[in-house]
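Pasting a structure below so you can have a look.
The values are calculated or read from the model by the stated rules, or taken from the named source; none is laboratory data. None of these values were measured; they are calculated from a predicted model. Cβ: placed from backbone, ideal geometry, glycine included. Neighbour counts: every protein chain shown. Only protein heavy atoms, including side chains, enter the accessible area calculation; ligands, DNA and RNA are left aside. Shrake-Rupley method; radii C 1.70, N 1.55, O 1.52, S 1.80 Å.
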Amino acid sequence: MERDLASTAQQSLYQLAPEQIAGPFFRNPKLLRRNISEGAEGVPLILRLTIVDAMTGEPVNGALVDIWHCNARGAYSGWSRLNPDAEVDVAAIGSIPRTDDDTYLRGSQFCDHMGRARFTTVYPGFYAGRALHIHVAVRIVAGNEYLEERNVAWVGQLYFPEVVSRSVLNAQAYRGRASLPLNNAEDVLYASQNGEASTLTVWPIGRESHEDGFFGHLTIGIDTFAVSSQIKPEDFDKYTV
């Protein structure tokens, strides 16, 4: 099921990925790990992100990629006791007090020499007022040292093809919600911040059942010298465990 990621990266030449807000559920548990699921229920998702320099098309070796997303029921670790069927009306970092110290569905990986970072997780569910999505931050670091950030170059959100999400939301772990998910076009952030350019390519792992899980991939073009307006380097220390 491997695809030609180098070819995909070249197709993204000169295309800067659109930035999106970090949202209220950002935190930094400093977990350098590939498998972020912590046993969370849901349809398996293998996520592969390829980070390239949008100016040259070259892979960004050694960038640190952070991802975080909600579980199948719409809850984020650190805020597990909030009701995901009640719409949140704030989006700023730190605007909602944490309710717990859980760390599921959060983690970081360094990009390899091809600019690739891979995560084992579950397909996210949804919370009221949003389409299904995954948050991402890309940090450029000095000497591959976890705590020596040079700059946070890009912060964004990843979306899913509607046809795949409809299939996933029919799985047992995602059913029985009091609210309904928004489709991508109904999501204000997707519509206003070019979410189509941040939509993953997704294909099934197995042939027999979609509940076997999915692969998801996106090539993200960044400016390695950019300074994100969404998350500052000090935020990774401020919003930690």
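Where does each of Thr201, Thr219 land when they are ordered by accessible area, with a 1.4 Å probe and the largest first? Working shown, then result.
Working: Thr201 65, Thr219 20 Å².
From most exposed to least exposed: Thr201, Thr219.
What's the carbon and sulfur percent of the stretch 88-241's accessible surface, probe 1.4 angstrom, rounded to a whole number?
Details: 3600 of 7000 Å².
Of the solvent-accessible surface of the stretch 88-241, carbon and sulfur hold 51 percent.
Please report the projected area of the chain's Cα convex hull averaged over all directions, in nm². List each step's numbers first, then the result.
Values: hull surface 47.7 nm².
Computing the convex hull of the Cα atoms and averaging its projections yields 11.9 nm².
Can I ask one more? What FRET efficiency do you get for Glu162 and Ala86 if R0 is 35 Å and r is their Cβ-Cβ distance, rounded to the nearest 0.05?
On the way: r = 24 Å, r/R0 = 0.69.
The pair Glu162/Ala86 has a calculated efficiency of 0.90.
Could you state the number of Å between the C-alpha centres of the stretch 33-78 and the stretch 197-217?
Answer, in whole Å: 14.
Still on this structure, I have one more. Averaged per residue, what accessible area in Å² does the chain show with a 1.4 Å probe, protein chains only?
Values: 10810 Å² over 241 residues.
Per-residue accessible area for the chain comes out at 45 Å².
Roughly speaking, what is the stretch gain from Asp101 to Thr201, that is 0.36 nm per residue apart minus the C-alpha to C-alpha distance, in nm to one decimal? Please list the in-between numbers first.
Details: separation 100, 0.36 × 100 = 36.00 nm, distance 3.22 nm.
Extra length available between Asp101 and Thr201 comes to 32.8 nm.
While we're on this one: At 1.4 Å probe size, put Arg73, Arg139, Arg207 in order of accessible surface, largest to smallest.
On the way: Arg73 90, Arg139 0, Arg207 240 Å².
Listed by decreasing accessible area, they come as Arg207, Arg73, Arg139.
May I pose another question? Once R0 is set to 25 Å, what does the formula 1/(1 + (r/R0)^6) return for the Cβ-Cβ distance between Asn183 and Thr120, expressed as a FRET efficiency to the nearest 0.05?
Numbers: r = 27 Å, r/R0 = 1.06.
Computed FRET efficiency for Asn183 and Thr120: 0.40.
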